[in-house]
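The values are calculated or read from the model by the stated rules, or taken from the named source; none is laboratory data. Keep in mind the model is a prediction, meaning the values are calculated, not measured. Reconstructed Cβ throughout: ideal geometry from the backbone, glycine too, with neighbour counts over all protein chains shown.
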Amino acid sequence: MSVSDKTAIVTGAGSKRGIGRATAHALAAAGWNVAILDIDEASAKDAAAEIADRHSVNAVGVACDVTDETSVDHALDEVARSAPPVGALVNNAGITSPTPFLQVTGTEWDKIFAVNVRGAYNITRRVLPGMTERGFGRVVFLSSVSAERGGGVFGGVAYSAAKAAQLGFARALAREAGQHGVTVNSVAPGLIDTDITAGKLEGERKSQLLATIPVGRNGNVHDVADLITYLCREESGYITGATYDVNGGAHIH
């Protein structure tokens, strides 16, 4: 089996310095065709053009609001017209929130869950039937160390709760989908250098945080992207329902 006749969807992969775009590049380098779904259409198309040029694979960039079922349907219809069948889905689209619990409004709470949890449901529910029918699929959720340790540097209660929901989602789905050749795993990054953390970690605060990380540095997007690509391989078919920590030892459990 080759991945060259399959497409990997990466949601929320428009950001130039994000985990999603790095993951799309890593998957393309491994031979996957790639579909970038992002709420910012221009960024999605820019990422796709960059990937196609660098890796000589079929890459498509599509506007998609994962919280909206109609938007997801339209985006996946375009992917189906423009690329080979979907063999992998990376649920990367997400938003964070540092708001303390007693200050979180119901509107903000719902928005955090809409993107991180309902968004993952909307797209996974649509691509899973094709994966099970073809007998092959790889689904990876981008959770967070915040879900495991209860909050973190940037994530408050709403974010931690949503990312923890993804872990339960992935584990339960792994039980249902395994008999059909579909694996479902989660990756839980710690402190990663992306646009989310840019400019917020400087001087003394950065030194204090790095002192708590055994490997002595913050992570980079390639640390996460390479692991996701590993989990999407055909050879990783006996790994499912697992959560992989990528945090430099900052949280060991």
- Message: For a quick check of your reading of the model, give me the residue pairs whose first member lies in region 87-106 and is within 30 Å of CYS232 (Cα to Cα), whose second is part of a loop (DSSP other than H, G, I, E, B) and at pLDDT below 95, with beta-carbon atoms closer than 7 Å and at least 6 apart or on different chains.
- Response: THR96/PHE154; THR96/GLY155; THR96/ILE196; SER97/GLY156
- Residue among ALA170, ALA188, ALA114 that alone is in contact (Cβ under 8 Å) with a residue 40 or more places away in the chain, farther than 25 Å from GLU69 by Cβ and in contact with a Ser or Thr (Cβ under 7 Å, 6 or more places away or on another chain): ALA188
- If you go through ILE19, ILE51, ILE36, the only one that is touching a residue at least 40 places away in the same chain (Cβ under 8 Å), closer than 28 Å to THR240 by Cβ, surrounded by 24 or more Cβ atoms within 10 Å (Cβ to Cβ) and of a type outside the set (S, T, N, Q) is ILE19
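Please report, ordered by residue number, the strands (runs of 3 or more DSSP E) entirely within region 1-104 with at least 1 residues that are of a type outside the set (S, T, N, Q) and within 30 Å of VAL157 (Cβ to Cβ).
Per the criteria, 7-11, 33-38, 86-91.
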- Query: Across region 134-153, what is the total count of residues that are more than 23 Å from ASP65 (Cβ to Cβ) and in contact (Cβ under 8 Å) with a residue 24 or more places away in the chain?
  - Reply: 11
